[in-house]
Amino acid sequence: MISPEVFDRLVVAASRAPSADNMQAWAFARRGDAVEVHLEPARVLPTDVNQMFAWVGLGAAVENLVVAAGREGLSALVEDDALRTAQGSEVEVASLAATPVTVRLAPGGAGGRLAEWVERRETNRGPYETTPLDGTTIDELTRAIADLEAGLHWAGGAAALEVMASMDARSTYIRLEHRPLHDELFDILRFDRRELEETRFGLDFASLGIPVSLVRVARLLRHARVMKVVSRLGIGRLVARQLAAKLRAAGAVCLVTACGSGAADYVQAGRAMERLWLEATARGLAVQPHGVLPQYLTKLDVEPDGFTAHFAETMARHREPFHAIFPVHPGERPAIVLRIGRPLEHPARRSLRLPIDQLKKMSQVVDNARPA
């Protein structure tokens, strides 16, 4: 049985993983020689189609746990058979949350080569050098995830990056303008330090690198009437273009894909994303995730009524150029796009994380529900 102290260190490492909008939709339970990683429904974004981003984040947490186990001298075997069985039936997210990904631990770890980079990994939304990534680096990053059931597709060059930036800008504009997506976004934005400390999840403006002057303006945009006026003035489109502009300045972009549309498929994609991110960090590269475009393309396929007719038409126009840049195989599903390159600066502050005692609440439920 792993000790409480080792369990705590593994949870800390796992919780350093990236998650969509910093929602940290995970929880951890200690079960003998294993750690169970559960989805936390209360922190799943309401518009997260297939809960794809929540499962990708959970997969990233699993990968961090596996890496940290090696530093503890433990080998790790990831079991997701129960999740694969559950995802085949018509179940709610709360039911899937009761079905964990299990990481079984045993003596004999390989040392955790990437463990030191778990804490140092960061989301870098700043400017990058425009020098293209060399083929050797791309090959090394691709081989690093070869044992995982996920796909990886690379793109670069000014023309492809320009198309990606334009599509990302239009997708971001939809998030600002479409009422359900707009309301969700402003519900998880933290406008000051007090809000951030009270929740410790969600997006804060400091880690996003947004100036204080614009934060004051953003407060007003949470109101629908103000947003309508701003929309008429074209400010929403301007903001979206500015947020997407950095895609034009990158060494490369890559698309991580899931091999299917089930929860376990997205967990594998999340593990691949995080391993690639850690490998990139170890090489001095910066990474920024861009998730809106993959999610909205998936939403268009699964929940087309989730958009207005106008926004559905916009996303439909993105299908062909997106798949021209990333020619995926049949059955693959887009999970996340990553911008990668040599950073010109590093973020001043990182997103906060929930305290581990809060992440271990699920542990008590599991232990009380099932005999050891």
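The values are calculated or read from the model by the stated rules, or taken from the named source; none is laboratory data. Owing to the predicted nature of the structure, the values given are computational and were not obtained by experimental measurement. All Cβ positions, glycine included, derive from the backbone under ideal geometry; neighbour counts span all protein chains shown. Only protein heavy atoms, including side chains, enter the accessible area calculation; ligands, DNA and RNA are left aside. Shrake-Rupley method; radii C 1.70, N 1.55, O 1.52, S 1.80 Å.
Points to keep in mind about this one:
- Inside the stretch 303-317, residues that are open to solvent by less than 40 Å² (accessible area, probe 1.4 Å) and not in a helix (DSSP H, G or I) make up a count of 1.
- Of THR131, THR172, all but one fail to be among the polar types (S, T, N, Q), under 27 Å from GLU303 (Cβ atoms) and modelled with pLDDT under 95; the exception is THR172.
- Selection status of TRP154, open to solvent by 20 Å² or more (accessible area, probe 1.4 Å) and under 30 Å from ASP33 (Cβ atoms): no
- So ALA250, is it modelled with pLDDT under 95, aliphatic (A, V, I, L, M) and crowded, with 24+ Cβ neighbours inside 10 Å: yes
- Pair list, Cβ under 9 Å, 6 or more apart: the stretch 150-166 residue touching a residue at least 60 places away in the same chain (Cβ under 8 Å) and in a strand (DSSP E or B), other residue surrounded by fewer than 17 Cβ atoms within 10 Å (Cβ to Cβ) and not hydrophobic (A, V, I, L, M, F, W, C): GLY151/HIS329; LEU152/THR142; HIS153/PRO327; TRP154/THR142
- Residue, farthest from PRO100 (Cα to Cα), within the stretch 39-53, restricted to residues that are open to solvent by less than 10 Å² (accessible area, probe 1.4 Å) and either free of Cβ contacts under 8 Å to residues at least 40 places away in the same chain or part of a helix (DSSP H, G or I) (or both): VAL49
- Odd one out for ASP139 among (1) surrounded by fewer than 17 Cβ atoms within 10 Å (Cβ to Cβ); (2) out of contact with any helix residue (DSSP H, G or I) (no Cβ under 7 Å at 6 or more places or on another chain); (3) touching a residue at least 40 places away in the same chain (Cβ under 8 Å): (3)
- Index of the failed condition, THR99 passing every other in (1) surrounded by 14 or more Cβ atoms within 10 Å (Cβ to Cβ); (2) assigned to a helix (DSSP H, G or I): (2)
- Pairs linking a residue in the stretch 283-301 that is closer than 14 Å to GLN51 by Cα and open to solvent by 20 Å² or more (accessible area, probe 1.4 Å) to a residue that is among the acidic types (Asp, Glu) and assigned to a helix (DSSP H, G or I), with Cβ atoms under 7 Å and 6 or more positions apart or on different chains, are VAL292/ASP168.
- Of all the numbered requirements in (1) buried (at least 16 other Cβ atoms within 10 Å of the Cβ); (2) without any contact (Cβ under 8 Å) to a residue 12 or more places away in the chain, LEU133 misses one, and that requirement is (2).
- If the condition is being touching an Asp or Glu at 6+ places or on another chain (Cβ under 6 Å) and part of a helix (DSSP H, G or I), then the stretch 177-193 contributes only ILE188.
- Taking the conditions (1) modelled with pLDDT under 95; (2) surrounded by fewer than 21 Cβ atoms within 10 Å (Cβ to Cβ) in turn, GLU320 satisfies each one other than (1).
- Among (1) outside any strand (DSSP E or B); (2) surrounded by 14 or more Cβ atoms within 10 Å (Cβ to Cβ); (3) among the hydroxyl-bearing types (Ser, Thr, Tyr) - the single one THR85 does not satisfy: (2)
- The sole residue among GLU79, GLU36 that is at pLDDT 95 or above, surrounded by 16 or more Cβ atoms within 10 Å (Cβ to Cβ) and acidic (Asp, Glu) is GLU36.
- For the stretch 329-337, the criterion of being surrounded by fewer than 12 Cβ atoms within 10 Å (Cβ to Cβ), at pLDDT 90 or above and part of a loop (DSSP other than H, G, I, E, B) is met by at least one residue.
- Single residue of ARG31, ARG16 found to be open to solvent by 10 Å² or more (accessible area, probe 1.4 Å), in contact with a strand residue (DSSP E or B) (Cβ under 8 Å, 6 or more places away or on another chain) and of a type outside the set (Asp, Glu): ARG31
- Odd one out for GLY109 among (1) surrounded by fewer than 18 Cβ atoms within 10 Å (Cβ to Cβ); (2) touching a residue at least 24 places away in the same chain (Cβ under 8 Å): (1)
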